[in-house]
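> So that we are looking at the same thing, I have put the structure below in structure tokens.
The values are calculated or read from the model by the stated rules, or taken from the named source; none is laboratory data. What you see is a predicted model; the values in this text were computed from it and never measured. Every residue, glycine among them, receives a Cβ derived from its backbone with ideal geometry; neighbour counts consider all protein chains shown. Surface areas here come from the heavy atoms of the whole protein model, side chains and all, with no ligands, DNA or RNA. Shrake-Rupley method; radii C 1.70, N 1.55, O 1.52, S 1.80 Å.
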Amino acid sequence: MSKPRFLTPDLIARTALELGDHTGEKAMTMRRIASELGCDPMALYRHFRSRELLLDAVADLAVADAADPDPDLAWDERITATAHAIRGAALRHPGISAHIASRPPMGENGQRLGAAMLTALDEAGLSPVTAVRSVQTLVAYLASSLAMAVRAGVRDQRWEEVRDVISELPEAEAPGEELFVVGSAEQFRFGLRLLMAGIKAEAVAESEAEGTGSR
């Protein structure tokens, strides 16, 4: 065990993040993190009541890599850029990416990114209620897509099985060969584009309803 260092929540979270980057999710135990810091595992609990709360802090630290989009972009382009930035940041830290998928960060960086999305949705003309629900939907899509991306691979045997089933369906005109690899960047981009199209349509619908009601 190395020489103990003065512990702070930030030092603990950064050490855990680095450990996960190098050795993966399973190595991020309280005992292993404490060993990296040269302290007793119980010392970590003075700063984090549970391992889950520590991982929450690590997750928020990981998405600090997600930069704010260019403010000159249109509102929908800013949301798209933010979503890609979050996904990219999470996947650059494989030890914590699965945790980010299951518990989206709500710390300083998570709040920053969420606020950016809300600001953009406000510019779209959505009502506050619809804007909040849209952010919730975007976060849910990010989380599920990230969970799949953690396990993303290649066109394996399962992909081939699904392709063959789809190709044999009488209703299917498109060949199963067009299936995305589950969790791939291409699948994420396509799904996000569909989701953004839905949000735009909702903004138009709300604007038209408001115009009708004011007559």
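> If we keep just the residues of the stretch 11-21 that are open to solvent by 30 Å² or more (accessible area, probe 1.4 Å) and under 21 Å from the mean Cα position of the chain (by Cα), which is farthest from S97 (Cα to Cα)?
Applying the first criterion (open to solvent by 30 Å² or more (accessible area, probe 1.4 Å)) to the stretch 11-21 yields 11, 14, 18, 21.
Next cut, under 21 Å from the mean Cα position of the chain (by Cα) only: 14, 18, 21.
Working: R14: 15, E18: 13, D21: 10 Å.
Selected residue: R14.
> Could you list all residues from the stretch 85-100 that are open to solvent by 10 Å² or more (accessible area, probe 1.4 Å) and farther than 14 Å from G110 by Cα?
G88, L91, R92, H93, P94, A98, listed by residue number.
> In the stretch 63-81, what residues are of a type outside the set (G, A, S), in contact (Cβ under 8 Å) with a residue 24 or more places away in the chain and in a helix (DSSP H, G or I)?
First pass over the stretch 63-81, keeping only residues of a type outside the set (G, A, S): 63, 65, 68-73, 75-80.
Next, only the ones that are in contact (Cβ under 8 Å) with a residue 24 or more places away in the chain stay: 63, 65, 68-69, 75-76, 78-80.
V63, D65, W75, D76, R78, I79, T80 - these are the residues of the stretch 63-81 that are of a type outside the set (G, A, S), in contact (Cβ under 8 Å) with a residue 24 or more places away in the chain and in a helix (DSSP H, G or I).
> Something else about it: Can you name every residue in the stretch 104-125 that is in a loop (DSSP other than H, G, I, E, B), in contact (Cβ under 8 Å) with a residue 60 or more places away in the chain and buried (at least 17 other Cβ atoms within 10 Å of the Cβ)?
A124
> Being outside any helix (DSSP H, G or I) and surrounded by 15 or more Cβ atoms within 10 Å (Cβ to Cβ), is that true of even one residue in the stretch 126-143? Before the answer, list the steps.
Initial filter on the stretch 126-143 (outside any helix (DSSP H, G or I)): 126-127.
If we keep only those that are surrounded by 15 or more Cβ atoms within 10 Å (Cβ to Cβ) as well, we get 126-127.
Yes, because at least one residue in the stretch 126-143 is outside any helix (DSSP H, G or I) and surrounded by 15 or more Cβ atoms within 10 Å (Cβ to Cβ).
> Going through A83, A66, A59 one at a time, which residue ends up being in contact with a Lys or Arg (Cβ under 8 Å, 6 or more places away or on another chain) and at pLDDT 95 or above? Give the derivation first.
Working: A83 fails: in contact with a Lys or Arg (Cβ under 8 Å, 6 or more places away or on another chain); A66 fails: in contact with a Lys or Arg (Cβ under 8 Å, 6 or more places away or on another chain).
Exactly one of A83, A66, A59 is in contact with a Lys or Arg (Cβ under 8 Å, 6 or more places away or on another chain) and at pLDDT 95 or above, namely A59.
> A67 is checked against (1) surrounded by 14 or more Cβ atoms within 10 Å (Cβ to Cβ); (2) closer than 23 Å to F188 by Cβ; (3) of a type outside the set (D, E, K, R) and fails just one. What number does that condition carry?
Checking A67 against (1) surrounded by 14 or more Cβ atoms within 10 Å (Cβ to Cβ); (2) closer than 23 Å to F188 by Cβ; (3) of a type outside the set (D, E, K, R), the one that fails is (1).
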